[in-house]
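Notes for the one structure printed next.
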Amino acid sequence: MANFTPVEEIPKIREELHRTFMSGKMRPISYRKEQLARLAYMIHEHADEFREALTADLGRSALETDFLDLRTTLHEITETYRNVEKWSKPDRPGFDFNWFLMSPSIRKDPKGVVLIMGPFNYPMLLILPPLAGALAAGCTVVIKPSELTVATSGLIAKLIPQYLDPDVCRVVMGGVPESTKLLELPWDHILYTGSGRVAKTVLTAAAKHLTPVTTELGGKNPVVIDPKSDLKLAARRLMWGKYTNCGQTCVAPDYVLLPQEIEEVFIKELLEVHSSFYPEGPKNSESYPRMVTKQHAARMKKLLDETQGKLVIGGEVDLDDRYVAPTILKDIHPDDALMEDEIFGPIMPIITVRNEDEAIELINSKDHALAVTVFSQDAAFRSKIFDNTRSGAAIANEMIIYHGTSGLPFGGVGPSGSGGATTGKYSFDVFTHNRASLVGRGFIDTIILNGRYPPHTAAKSKKLEGASPVSLPSRPVGLAPPHAMAQNNRWGFWFAVASNAVDSKV
Ligand code: NAD
């Protein structure tokens, strides 16, 4: 890409942003809000260019971009704009008689100069709303969009300097060499969204500076179909979730688990949805997107060559067009090539299981996913799957859109992501340090706390103990009585009384 940031300029960019941060320019909430408003207008005024860029990069239809990127991005930025005062106010812990005189509070301090690295699949949604969170928190920010989405990342790099204060936010464009240089530098926080493979490099580099990192990663997202569920609804939502953005969605369904007895009827439903979604065939449909690069399409072809599964529909790949047909395969063995890594493309393997226990066992044999999805109208069935598995989110009868649900954290667990969540207030929190704060007052010593000062006597100890008595919960039923300790405690009590008496005489 012609407009990659020269590697030697990168340390200077961080240095300039560090200076701005230390100058206090981002302290006033009014200034943060001005930047947020500018960011919102940047998107609003260039919506058509973003639509065109996403079509060029990912073959997206305008509707898909509007629904999944533009509206969600604008919604998050405007929600952040409206709430920044509220979120920035210090929190007060609950009332505690022992401490209230010192006015304990939790300051919401900006972390400092932060780095946001984004992936290719939602190159706008996964960069600009987190940027809003960082600006709202009062940080200065470097964003590093994906080098694979040339049009969208290029547009972001062109517009950000026109709308935002360059002392506050800068875009670094580039691939591995530029990212490597960024990661050599000390940051006050890194938000990294991308693959687990690269996350290991990011975390290793961050460890050198003890930089805190939030990772938003991928994984194999299972979908469990309850045989008694509404199969038409399940088929429609599943097909939409899988083939949106050509399967390149971190929360897209990866594989489907269902009992043998409904496989045939469910596949029939899937095929009906397929013809209703793409009546002119997916390749000719403007609603069907493309893989981001020829190499990504070639990876799908390799998976299709290697799988032992039986093709139900799809399977065509046109590398020059970055086209991979919406594909369904059945008779998949849990050791199949499709079950090794995250598929991240439009291939849907169907695996039959005897019952939900076998589904749970298979899910738990993989790394924790970003989302476990269950199609079921039965609350007990849903709970059984959710209670016995782990994932970033537990979703019933829906796909993908929970990312845009106000108030829900978006994030993984363990290998699918850690170190915080994103969207709305959660993004603000990622870039905010909860700074404990107390205002000590001299007169408190005269009431109670002078007991802490040497010389340490039993009388002082008792006084301090009385100031904050510990109230244990009721003794757990199976916990054996502490015979020996009980005696010791009794002796300890009398010893304390005696020494207190001596103490008060001296
Ligand atoms: P990626 O890991 O290849 O790239 C992400 C970022 O890392 C890019 O900015 C890239 O330039 C940079 N990068 C790539 N190689 C690097 C290296 N060796 N050293 C330093 N930086 C490097 O990810 P991708 O292919 O763009 O995105 C797909 C992955 O992201 C999938 O695994 C998907 O599940 C995941 N994802 C997760 C979320 C989430 O919110 N959890 C969202 C979207 C995508």
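The values are calculated or read from the model by the stated rules, or taken from the named source; none is laboratory data. Predicted model only: the values in this text are computed from it and were never measured. With ideal geometry, Cβ positions are generated from the backbone for all residues, glycine too; neighbour counts draw on all protein chains shown. What goes into the accessible areas is simple: the full protein's heavy atoms, side chains included, and nothing from ligands, DNA or RNA. Shrake-Rupley method; radii C 1.70, N 1.55, O 1.52, S 1.80 Å.
Observations
- Packing-based ranking of 214-224, 7-17, 388-398 yields 214-224, 388-398, 7-17, ordered from highest to lowest mean Cβ neighbour count within 10 Å.
- Sites Asp48 and Val439 - FRET efficiency at Förster radius 45 Å, r taken between beta-carbons, to 0.05: 0.25
- When the GluC sites (Glu not before Pro) in the stretch 252-304 are filtered for DSSP coil states and for at most 15 other beta-carbon atoms within 10 Å of their beta-carbon, the remaining sites are Glu280, Glu286.
- For the chain, diffusion coefficient by Stokes-Einstein and Kirkwood Rh (Cα), 10 °C, 1.306 mPa s, µm²/s: 61 µm²/s
- When all protein chains stay in place and ligands, DNA and RNA are ignored, the 1.4 Å accessible-area order of Arg290, Arg32, Arg107, largest first, is Arg107, Arg290, Arg32.
- For the set Thr73, Thr201, solvent exposure ranked by accessible area (probe 1.4 Å, protein chains only) runs largest to smallest as Thr201, Thr73.
- Packing order of peptides 307-318, 19-30, 245-256, highest average first: 245-256, 307-318, 19-30 (average count of other Cβ atoms within 10 Å over each peptide's residues).
- On a per residue basis, the chain carries 48 Å² of accessible surface, using protein heavy atoms and a 1.4 Å probe.
- Summed side-chain charge close to His296 - residues other than His296 whose Cβ falls under 14 Å, Lys, Arg +1, Asp, Glu -1: -1
- Thr446/Lys12 FRET efficiency (R0 41 Å; Cβ-Cβ; nearest 0.05): 0.15
- Here Trp240 sits with roughly 70 square angstrom of accessible surface, probe radius 1.4 Å.
- Beta bridges per DSSP, both residues in the stretch 222-404: antiparallel share near 20 percent.
- DSSP assigns beta bridges within the chain; of those with both partners inside it, close to 30 percent run antiparallel.
- Ranking by accessible area, most exposed first, for Ser437, Ser153, Ser468 with a 1.4 Å probe: Ser468, Ser437, Ser153
- Candidate cross-link partners of Lys268 among the lysines, defined by an alpha-carbon separation under 23 Å and a same-chain spacing of 8 or more, comprise Lys228, Lys232, Lys242, Lys283, Lys310, Lys330.
- Two-decimal Rg to Rh for the stretch 222-404 - Kirkwood Rh, Cα set: 0.94
- Separation in nanometres of the label points that stand 7 Å from Cα toward Cβ, at Tyr41 and Gln377: 5.1 nm
- Segment Glu280-Phe67, length gained on full extension (0.36 nm per residue, minus Cα span): 74.4 nm
- Taking all pairs of distinct alpha-carbon atoms in the stretch 223-328, Kirkwood radius in angstrom: 14.5 Å
- Surface calculation, 1.4 Å probe, protein heavy atoms: Asp320 sits at approximately 130 Å² accessible.
- Atom-type composition of the exposed protein surface of the chain places 57 percent of the accessible area on carbon and sulfur (1.4 angstrom probe).
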